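Here's the structure we're looking at; comments come further down.
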Amino acid sequence: MSRISIPEYAMALAHVASMRSEDPYRKVGAAALDFDNRVIGTAYNGLAPGFNAPPGFWDDREARQKFMLHAEVNLCSLFRRGEAKIIATTTMPCTACMQTLCAYGIKEIYYRDIYHASDAPEIARLYSVKLEQVEFTPFDGTVGPVA
Ligand SMILES: [Zn+2]
């Protein structure tokens with residue numbers, strides 16, 4: 001295997017982070033790199049830290065949605081505005097997360113899976129933020145332990 005690019009490197013980290021998501025419906029991971037391509041951190045979508053879901057919590061796909069903290073929001077809790085340059089996320093940021101990433105001064109955003117309900121492309125154009133698809137998945141592409 002040849003050397004992977006920086007966006008692929010970030011996406012690989014995001015993919016690994018997504019494997020930690022406890023959401024049975026949508027597992028999203030994200031990674032942040034600084035201006036020297038050093039890893040700031042990784043995050044995934046989930047419930048607030050320390051909160052343990054009561055039995056049945058995950059049964060209702062719609063009801064759970066408003067409680068989920070998106071991977072990008074969790075990621076932004078790891079740095080201050082201007083510290084991160086590159087974000088990779090396994091799913092295109094939703095509109096609210098795209099707004100948040102813009103507020104944090106992110107310059108380049110790479111996503112793997114398209115999210116059609118998102119206004120992220122339009123927001124990226126307006127604010128001149130690079131938003132690009134990176135179709136890179138480490139391992140064999142499955143989310144879960146690799147044999
Ligand atoms: Zn979001």
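Nothing in this text is a laboratory measurement; each read-out follows from the coordinates by a stated rule. All figures in this text were calculated on a predicted structure; none of them were measured in a lab. Counting neighbours? That spans all protein chains shown, and the Cβs are built from the backbone with ideal geometry, glycine included.
Here are the numbers:
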item: D_trans [Stokes-Einstein, Kirkwood Rh over alpha-carbon pairs] for the chain, 37 °C, 0.692 mPa s, µm² s⁻¹; result: 212
item: Region 6-133 - percent relative contact order, Cα under 8 Å, separation 6 or more; result: 23
item: Computed over region 6-45, Kirkwood Rh from alpha-carbon pairs, angstrom; result: 10.1
item: Most fluctuating residue given options ALA43, ALA120, ALA14, as computed from a GNM of the chain linking Cα atoms under 10 Å; result: ALA120
item: Spatial separation of Cα centroids for region 95-114 and region 4-34, in angstrom; result: 14
item: Cα-based convex hull, region 21-105, per residue volume (Å³, whole number); result: 87
item: Hits among lysines - C-alpha to C-alpha of LYS130 under 20 Å, sequence gap 8 or more where chains match; result: LYS85, LYS107
item: For the chain, share of DSSP beta bridges that run antiparallel, in % to the nearest 5; result: 55
item: Helical contribution to [θ] at 222 nm, DSSP H n ≥ 4, -39,500 (n - 2.57), averaged over the chain, rounded to 500; result: -7500 deg cm²/dmol
item: Neighbour-count order for HIS116, HIS15, fewest beta carbons within 10 angstrom listed first; result: HIS116, HIS15
item: Reachable lysines, given that their alpha-carbon falls under 19 Å from the alpha-carbon of LYS66 and they are not under 8 places away in the same chain; result: LYS27
